[in-house]
1. For segment B:14-114, list the strands (runs of 3 or more DSSP E) that sit wholly inside it and hold at least 1 residues that are in contact (Cβ under 8 Å) with a residue 40 or more places away in the chain and more than 19 Å from A:Val89 (Cβ to Cβ); which are they?
2. Being within 16 Å of B:Gln17 (Cβ to Cβ) and polar (S, T, N, Q) is the filter; apply it to segment B:77-110 and report the residue that is most open to solvent (accessible area, probe 1.4 Å).
3. Checking the structure you have, find out if any residue of segment B:27-35 is out of contact with any strand residue (DSSP E or B) (no Cβ under 7 Å at 6 or more places or on another chain) and over 18 Å from A:Ala31 (Cα atoms).
4. Under 7 Å by Cβ, and 6 or more places apart or on different chains, what pairs join a residue from segment A:38-61 that is without any contact (Cβ under 8 Å) to a residue 40 or more places away in the chain with one that is buried (at least 16 other Cβ atoms within 10 Å of the Cβ) and not in a strand (DSSP E or B)?
5. Does segment B:64-76 contain any residue that is within 14 Å of chain A (Cβ to nearest Cβ) and open to solvent by 10 Å² or more (accessible area, probe 1.4 Å)?
6. When segment A:57-103 is examined, which residues are found to be within 14 Å of chain B (Cβ to nearest Cβ), open to solvent by 10 Å² or more (accessible area, probe 1.4 Å) and at pLDDT 95 or above?
7. Mind checking which residues of segment B:31-55 are open to solvent by 20 Å² or more (accessible area, probe 1.4 Å), over 14 Å from B:Glu85 (Cα atoms) and more than 9 Å from chain A (Cβ to nearest Cβ)?
8. What single numbered condition from (1) crowded, with 20+ Cβ neighbours inside 10 Å; (2) within 13 Å of another protein chain (Cβ to nearest Cβ); (3) β-branched (Val, Ile, Thr) fails to hold for A:Val106?
Amino acid sequence: KNEVEQSPQNLTAQEGEFITINCSYSVGISALHWLQQHPGGGIVSLFMLSSGKKKHGRLIATINIQEKHSSLHITASHPRDSAVYICAVRYNTDKLIFGTGTRLQVFP
Amino acid sequence: EAGVAQSPRYKIIEKRQSVAFWCNPISGHATLYWYQQILGQGPKLLIQFQNNGVVDDSQLPKDRFSAERLKGVDSTLKIQPAKLEDSAVYLCASSLIRVKSPLHFGNGTRLTVT
């Protein structure tokens, strides 16, 4: 079992739909990162969370420390949002573990 | 601010050959990670440095992979000899030493072993 579980693995949506990607982890962490990876591209950091909620444009990330769960929401999705979204957790040792990613495709 | 630089961008080698990748992290970033990302999978940590010391190399296949960060700045990752299953993207990331600091990734090196 992976230390960091993401769901769904694959997601397709129509433009304009509200999208949710989930991430669960098994032990206490110091921070959780949401990352975006476009095909053939590098990884871009979207959010870093240790509690609560953060918003950037159409993206919202939340974390529940007690439940060891985080969600990434995309409002009014657009084809350019098509990418792999990766959840990564960071421990107090600075060790960083990645989830397997969620492949999102948004169709016009 | 210059980002994390990696080179080469692409590399094709035959099995049993050797290859080396280079990473220059953002200036001042003490923590440096090397990850292996096989197509369709999430990145897997190979080695983590803090300055020039190794913090975690538990998943580094030490019979063929080696990495160093001699002056606590640039790092090199070497594979010798390469196997077909080493075909992957090798990602370098860096951050400040604080665990709640943002991560910065390089564009990766795509390795194809034939």
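The values are calculated or read from the model by the stated rules, or taken from the named source; none is laboratory data. Every value quoted in this text rests on a predicted model; they were computed, and no experiment measured them. No Cβ is skipped: glycine too gets one built from the backbone with ideal geometry, and neighbour counts run over all protein chains shown. What goes into the accessible areas is simple: the full protein's heavy atoms, side chains included, and nothing from ligands, DNA or RNA. Shrake-Rupley method; radii C 1.70, N 1.55, O 1.52, S 1.80 Å.
1. It comes to B:19-24, B:75-79, B:88-95, B:109-113.
2. Among residues in segment B:77-110 that are within 16 Å of B:Gln17 (Cβ to Cβ) and polar (S, T, N, Q), the one most open to solvent (accessible area, probe 1.4 Å) is B:Gln80.
3. Our first condition is that a residue be out of contact with any strand residue (DSSP E or B) (no Cβ under 7 Å at 6 or more places or on another chain); within segment B:27-35, this holds for B:27-28.
Subsequent filtering for residues that are over 18 Å from A:Ala31 (Cα atoms) retains B:27-28.
Yes, there is a match, as at least one residue in segment B:27-35 is out of contact with any strand residue (DSSP E or B) (no Cβ under 7 Å at 6 or more places or on another chain) and over 18 Å from A:Ala31 (Cα atoms).
4. A:Gly42/B:Gly106; A:Gly42/B:Asn107; A:Gly42/B:Gly108; A:Ser45/B:Leu103
5. Quick first cut of segment B:64-76, residues within 14 Å of chain A (Cβ to nearest Cβ) only: none.
Within segment B:64-76, none of the residues are within 14 Å of chain A (Cβ to nearest Cβ) and open to solvent by 10 Å² or more (accessible area, probe 1.4 Å).
6. Within segment A:57-103, just A:Ile63 meets the criteria.
7. Matches in segment B:31-55: B:Asn51, B:Asn52, B:Gly53, B:Val54.
8. With respect to (1) crowded, with 20+ Cβ neighbours inside 10 Å; (2) within 13 Å of another protein chain (Cβ to nearest Cβ); (3) β-branched (Val, Ile, Thr), A:Val106 is out only on (2).
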